[in-house]
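Asks: My questions will all concern the structure given below.
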Amino acid sequence: GKKELEEYFGCPATELVMVGDRYLTDIVFGNRHGMFTVRPAPLTTKGEPTGVVMARWIEDSFVGRWTKAGVRAPPPAAADEQ
């Protein structure tokens, strides 16, 4: 979790960047803990298990709905807000 990351890297979570290709795991975790988040497109989806393909489809569907409704990622929190 957040505490372990801060201990490992020796800085507050707000000074870290979370890079991950999964919205509902990597990006949500980073946003919840005040990190700057980056979601790159996967280099390839060839050979991905069916469960991963389905999870990506569900994530993309929700993100599309949220974007259409005007939902945006929160701004990174200041270190003193944590």
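The values are calculated or read from the model by the stated rules, or taken from the named source; none is laboratory data. Small disclaimer: the values here were computed from a predicted structure and weren't measured. Cβ coordinates were reconstructed from backbone atoms using ideal geometry, including for glycine residues, and neighbour counts include every protein chain displayed. Protein only, heavy atoms only, side chains kept; ligands, DNA and RNA dropped before computing areas. Shrake-Rupley method; radii C 1.70, N 1.55, O 1.52, S 1.80 Å.
Asks: Tabulate in residue order the Karplus-calculated ³J(HN,Hα) for segment 60-65, using 6.51 cos²θ - 1.76 cosθ + 1.60 with θ = phi - 60°, rounded to whole Hz; enter x for Gly and Pro.
Replies: Listing the rounded values in order: 4, 5, 5, 4, x, 5 Hz.
Asks: Let me ask something else about it. Could you provide, to the nearest whole Å², the per residue accessible area of the chain with probe 1.4 Å? Walk me through the numbers before you get to the answer.
Replies: Working: 6020 Å² over 82 residues.
In whole numbers, the chain has 73 Å² accessible per residue.
Asks: Leaving ligands, DNA and RNA out of it, report the carbon-plus-sulfur percent of the accessible area of the chain at a 1.4 Å probe.
Replies: Working: 3630 of 6020 Å².
The value for the chain is 60 percent carbon and sulfur by accessible area.
Asks: Okay, moving on. Whole-Hz Karplus ³J(HN,Hα) for segment 44-49, in order, using 6.51 cos²θ - 1.76 cosθ + 1.60 and θ = phi - 60°, x for Gly and Pro?
Replies: After applying 6.51 cos²θ - 1.76 cosθ + 1.60, I find 7, 10, 5, x, 5, x Hz.
Asks: What value, in deg cm²/dmol to 500, does the helix sum -39500 (n - 2.57) over DSSP H runs of n ≥ 4 give at 222 nm once divided by the residues of the chain?
Replies: Details: 3 runs with 32 residues, N = 82.
Result for the chain: -11500 deg cm²/dmol, rounded to the nearest 500.
Asks: Right, next: For PHE62 paired with LEU24, estimate the spin-label separation in nm (one decimal), with each label point 7 Å from Cα along the Cα-to-Cβ line.
Replies: The two pseudo-label positions are separated by 0.4 nm.
Asks: Between GLY34 and residues 5 or more places away or on another chain, which pairs have amide H atoms under 5 Å apart, with H built 1.01 Å from N, and which residues are they?
Replies: Those qualifying (amide H under 5 Å, at least 5 residues apart or on another chain) are ALA77.
Asks: At a 1.4 Å probe radius, which order do MET35, MET54, MET18 fall into by accessible area, largest first?
Replies: So, going from the largest accessible area down, we get MET54, MET18, MET35.
Asks: Starting from the residue with the highest accessible area, list LEU16, LEU5 in decreasing order, probe 1.4 Å.
Replies: Values: LEU16 25, LEU5 50 Å².
Ranked from most to least accessible, the order is LEU5, LEU16.
Asks: Something else: ³J(HN,Hα) across segment 6-23 via Karplus (A = 6.51, B = -1.76, C = 1.60, θ = phi - 60°), whole Hz, x for Gly/Pro?
Replies: Per residue, the Karplus-derived 3J(HN,Hα) values read 5, 5, 5, 8, x, 8, x, 4, 5, 9, 9, 10, 9, 10, x, 9, 10, 4 Hz.
Asks: When only the heavy atoms of the protein chains count and the probe is 1.4 Å, how do GLU15, GLU59 rank by accessible area, highest first? Display every interim value, and only then the final one.
Replies: Working: GLU15 120, GLU59 5 Å².
Output order, biggest surface exposure first: GLU15, GLU59.
Asks: Continuing with this model, one more query. Among (1) 8.5; (2) 4.8; (3) 6.4, which is the computed mean projected area of the Cα convex hull in nm²?
Replies: (3)
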